[in-house]
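Single-structure report; data block below.
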Protein chains: 2
Amino acid sequence: MRKPPYYAVIFSSVLREDAKEYGETADRMVELAAGMPGYLGIESARGADGFGITVSYWETEADIARWKREAEHRIAQDRGRSEWYLRYDLRVAKVERAYGMPTPTLEP
Amino acid sequence: MRKPPYYAVIFSSVLREDAKEYGETADRMVELAAGMPGYLGIESARGADGFGITVSYWETEADIARWKREAEHRIAQDRGRSEWYLRYDLRVAKVERAYGMPTPTLEP
């Protein structure tokens, strides 16, 4: 894994029960993010209650801004707000320290 | 919600299938963290595949260090490494920006 510092986008959300085409779009966004400059990795978990957290990792804040503006991603963001999420919180954070077991496993 | 800057501990992990007493301990750690100085909130999601992400939020890095050293938490950390996790990654990050819909919902 790349050593800190780098950036994390922490996105937590509650899905509506009737969120149509959410899964396909989420998969497509993961694929699309992975091709963006400065992408370092992504991890995602969602429980049966509909609450989920996705954290994506980026080299710089400029890379995050570019990803936010990406055309297909913007369409997905609009659908997220209008169709898929009951609520969400998004935080941009600078990763200062990282460690893991057995060794950090997130690879670009 | 408190405005940035504040700190996030991003903990991602894969649970062993035979993780005994993990759920009770995780619940107890949430309760214990909530009573620590500088605690701002916690959110957690785990999918059916065993991969989970927990993010806890703190006012300062000193608060995180104090929580890491807390006696009952240390015992849980030891059990995590030896009994519960196939792997984990832990990152300490400084939250610089936050927004949400309809409004940020994480309350201390």
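The values are calculated or read from the model by the stated rules, or taken from the named source; none is laboratory data. Since we're looking at a predicted model, the values are computed, not measured. For neighbour counting, all protein chains shown are included, and Cβ atoms are generated from backbone atoms with ideal geometry for every residue, glycine included.
Can you say whether B:I42 is more than 10 Å from chain A (Cβ to nearest Cβ), part of a strand (DSSP E or B) and within 25 Å of A:Q77 (Cα to Cα), as far as the supplied structure shows? So B:I42 passes the test. Which of the residues that make up region A:66-90 are closer than 12 Å to A:S13 by Cβ and more than 14 Å from the chain's Cα centre (by Cα)? If the condition is that a residue be closer than 12 Å to A:S13 by Cβ and more than 14 Å from the chain's Cα centre (by Cα), then A:R81, A:W84, A:Y85, A:L86, A:R87 are the ones that fit. Remark: B:G50 matches the filter, which requires a residue to be touching a Leu at 6+ places or on another chain (Cβ under 6 Å) and surrounded by fewer than 17 Cβ atoms within 10 Å (Cβ to Cβ).
Which residues, counting only those in region A:46-65, are farther than 16 Å from A:S12 by Cα and either among the polar types (S, T, N, Q) or touching a residue at least 60 places away in the same chain (Cβ under 8 Å) (or both)? Spell out the reasoning first.
Going residue by residue through region A:46-65, those that are farther than 16 Å from A:S12 by Cα are A:58-65.
Correct list: A:T60 only.
The residue that is nearest to B:A93 (Cα to Cα), among those in region B:8-39 that are charged (D, E, K, R) and not in a helix (DSSP H, G or I), is B:R16.
Looking at B:K68, B:K94, can you tell me which residue is over 22 Å from A:R46 (Cα atoms), surrounded by 13 or more Cβ atoms within 10 Å (Cβ to Cβ) and in contact with a Lys or Arg (Cβ under 7 Å, 6 or more places away or on another chain)? Among B:K68, B:K94, only B:K94 is over 22 Å from A:R46 (Cα atoms), surrounded by 13 or more Cβ atoms within 10 Å (Cβ to Cβ) and in contact with a Lys or Arg (Cβ under 7 Å, 6 or more places away or on another chain). For the residues A:A65, A:A48, A:A26, the requirement of being touching a helix residue (DSSP H, G or I) at 6+ places or on another chain (Cβ under 9 Å) and hydrophobic (A, V, I, L, M, F, W, C) singles out A:A26.
Can you find, within region A:60-93, the residue that is nearest to the other protein chains (Cβ to nearest Cβ) among those that are acidic (D, E) and over 13 Å from B:G100 (Cα atoms)? Even if it seems obvious, please write down each step before you answer.
Of the residues in region A:60-93, the ones acidic (D, E) are A:61, A:63, A:70, A:72, A:78, A:83, A:89.
Keeping just the survivors that are over 13 Å from B:G100 (Cα atoms) gives A:61, A:63, A:70, A:72, A:78, A:83.
Values: A:E61: 8, A:D63: 14, A:E70: 18, A:E72: 20, A:D78: 12, A:E83: 12 Å.
Per the stated criteria, the residue is A:E61.
Contact map, region A:85-107: first residue modelled with pLDDT under 95, second residue assigned to a loop (DSSP other than H, G, I, E, B) and aliphatic (A, V, I, L, M), Cβ cut-off under 6 Å, separation 6 or more or different chains; pairs are A:P104/A:M1; A:L106/A:M1. Looking across region B:22-45, the residues that are more than 12 Å from the chain's Cα centre (by Cα) and free of Cβ contacts under 8 Å to residues at least 24 places away in the same chain come down to B:G23, B:E24, B:G35.
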